[in-house]
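Student: Okay, here's the structure, questions in a sec.
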Amino acid sequence: MVMSPEVDRIPVLRDRAAAARHLARICFKTGPPTLTGVELEWTVHDAVDPARPVDAARLRAALGPYAPTTLDPTSPALRLLQGGAMTVEPGGQLEISTPPRARVTALIDATQSDVAQATRLLDAAGLALGRSGIDPYRPPRPVIDTPRYRAMRQVFDRRGPDGRTMMYSTAGLQICLDVGQPEHLLARWQLVHAAGPPLLATFANAGRHAGRDTGWASARMGAWWRIDPARTAPVWTPARADRDPVAAWTAYVLAAPLLCVRGDGPDWTAPPDVTFADWIDGALHRPPRVDDLEYHVSTLFPPVRPRGYLEIRYLDAQPGRGWILPLAVFSALLSGPDTIDAAMAVTAPAADGWHRAARYGLRDATLARAATGLLDLARSALPRLELPPALHREIDHGLRRRCAAAERSQP
């Protein structure tokens, strides 16, 4: 492979210590927690017949100049009115990432504006956004094919069909929170993990897939768990609660097998069972560069992924304005050391219940009790977010309904 002058100038990683230093710099950017972001993802359906396949040509025509270049290489890939970028996932799922904001209210207003604009584009083409975390109507089917996606599919196929389900049929809600000051990093890191099982259960809505009831509260997360635990398992666990986040993440990254190796040609398939640590140690034809490490990180999908901020990845896509509720919950729970400590105490009995949360949701009594406690804490801390009265009432009402559902599920 011929290297361009630009590639030649990218630093090479000669040892694992250099990789660890780079991960610490790019994945944990500490400082005052000022910004919050969201990434919203949906399956896309024909508005009349949601079971009808939607192909790439129809999506290209609908999105026009806002289409990403993976969908249309000639597209200018314009930003939405509030700065949101649209991307399309391999199964045709649409994702909007609006730039983060310092105030939750501003983020909600900006994101809703971008969602409304995207919805108008789809409406004009007879398309509609899905309302759950997995496609209820259609089996997995590729819409976009790139070297990355082909390599992913080949690796996932070695373990079974769940990789294709994840790639082509699932849609998630991602909430992005600042890491915080160095002295608060561990507590914030622990909470966003420990709260995962009860909040996954609270907002699970992905039980029906491809025309059948799966028996899971979140078949989306069920598929993620079965792909490859080396890249989808949580980094933090109660059994190793006090482990330094940077050290834990570094070990996770280096031990994960390569999913793809970029090249000039169409085949990016990685050799089986070669980890990034193996690559540093000389397993491939050339040493890895720092951009290879950053790309490798983009192929890891734990429930919480550090990307300079904390990217919470374990929630199903929510219908309509439903994404606002989990955003408010996390913003409220992480609003101060007192709420973080109280939330950790509430989640302790349920913090390792990932599989039960995806399988049973709030039918699990331990998860339901923890969920009720977290939602009550979030409601009590809502005033700290300084929301407009109407938005405060909307969120408070939604959280009370979720509390009631959790309480009803308990024996």
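Student: Enumerate the helices in the chain for which the Kyte-Doolittle hydropathy averages 0.0 or more and the C-alpha atoms extend at least 18 Å along the helix's axis, using complete DSSP H runs.
Tutor: Length and hydropathy pass: 104-124, 365-381.
Student: Please compute the alpha carbon radius of gyration of segment 206-312, then divide it by the globular-protein estimate 2.2 N^0.38 Å. Two decimals is fine.
Tutor: Here the answer is 1.25, to two decimals.
Student: When 329, 155, 38, 12 are ordered from fewest to most other Cβ atoms inside 10 Å of their Cβ, what list results?
Tutor: Ordered from fewest to most neighbouring Cβ atoms within 10 Å, 329, 155, 38, 12 come out as 12, 155, 38, 329.
Student: Just need the relative contact order of the chain here, percent rounded to a whole number, with Cα pairs under 8 Å and 6+ apart.
Tutor: It rounds to 21 percent for the chain.
Student: Report the label-to-label distance for residue 49 and residue 81 in nanometres (one decimal), using points 7 Å from each Cα along the Cα→Cβ vector.
Tutor: 3.4
Student: What are the equivalent ellipsoid semi-axes of segment 23-159, built from the alpha-carbon gyration tensor (square roots of five times its eigenvalues), in whole angstrom, biggest first?
Tutor: Gyration-tensor ellipsoid for segment 23-159: 26, 21, 15 Å.
Student: Suppose we keep just the DSSP beta bridges with both residues in the chain; what percent of those would be antiparallel, to 5?
Tutor: 95
Student: Farthest toward the dipole's positive end in the chain, which of 390, 217, 12, given Cβ charges of +1 (Lys, Arg) and -1 (Asp, Glu) about the Cα centre?
Tutor: Farthest towards the positive end: 217.
Student: Then there's this: To the nearest 0.05, what FRET efficiency results for residue 10 and residue 407 with a Förster distance of 56 Å applied to their C-beta separation?
Tutor: The pair residue 10/residue 407 has a calculated efficiency of 0.55.
Student: Can you tell me the equivalent ellipsoid semi-axes for segment 303-394? Use √(5λ) from the Cα gyration tensor, largest first, whole Å.
Tutor: With the √(5λ) rule applied to segment 303-394, the semi-axes are 22, 16, 15 Å.
Student: Could you check how many percent of all C-alpha pairs in the chain are farther apart than 40 Å?
Tutor: 14
Student: Could you pull the Rg and Dmax for segment 171-219, using just the Cα atoms, both in Å?
Tutor: Expressed in Å, the Cα Rg and Dmax of segment 171-219 come to 15.1, 49.
Student: Measuring from label point to label point, each 7 Å out along Cα→Cβ, what is the residue 57 to residue 284 span in nm?
Tutor: 3.6
Student: While we're here: Gaussian network model of the chain, Cα springs within a sub-10 Å range: biggest mean-square fluctuation belongs to which of 36, 87, 70?
Tutor: Fluctuation is largest for 70.
Student: Quick check: pseudo-label points 7 Å beyond the Cα along Cα→Cβ at residue 233 and residue 273, how many nm apart are they?
Tutor: About 1.7 nm separates the two model spin labels.
Student: Work out, step by step, the length gained on full extension between residue 187 and residue 380: first 0.36 nm times the residue separation, then minus their alpha carbon distance; give nm to one decimal.
Tutor: 67.5 nm
Student: Rg and Dmax of segment 1-93, Cα atoms, in Å?
Tutor: 19.7, 56
Student: For 119, 232, 347, which order do you get if you count the other beta carbons within 10 Å of each Cβ and list the fewest first?
Tutor: The order, fewest Cβ neighbours first, is 119, 232, 347.
Student: Please compute the Cα-Cα pair-distance distribution of segment 135-234 with 5 Å bins starting at 0, giving whole percents from short to long.
Tutor: 2, 11, 18, 20, 17, 14, 10, 5, 2, 0
Student: With just the Cα atoms defining each centre, how far is segment 33-107 from segment 314-329? Give it in Å.
Tutor: Each part's Cα centre sits 17 Å from the other's.
Student: In deg cm²/dmol and to the nearest 500, what is the mean residue ellipticity at 222 nm of the chain if only DSSP H runs of at least 4 residues count, each as -39500 (n - 2.57), divided by the residue total?
Tutor: -13000 deg cm²/dmol
Computed from the coordinates by the stated procedures, all read-outs in this text should not be read as laboratory data. Because the structure is predicted, anything quoted here is derived from the model rather than measured. When we count neighbours, we look across all protein chains shown, and the Cβ atoms used for this are built from the backbone with ideal geometry, even at glycine.
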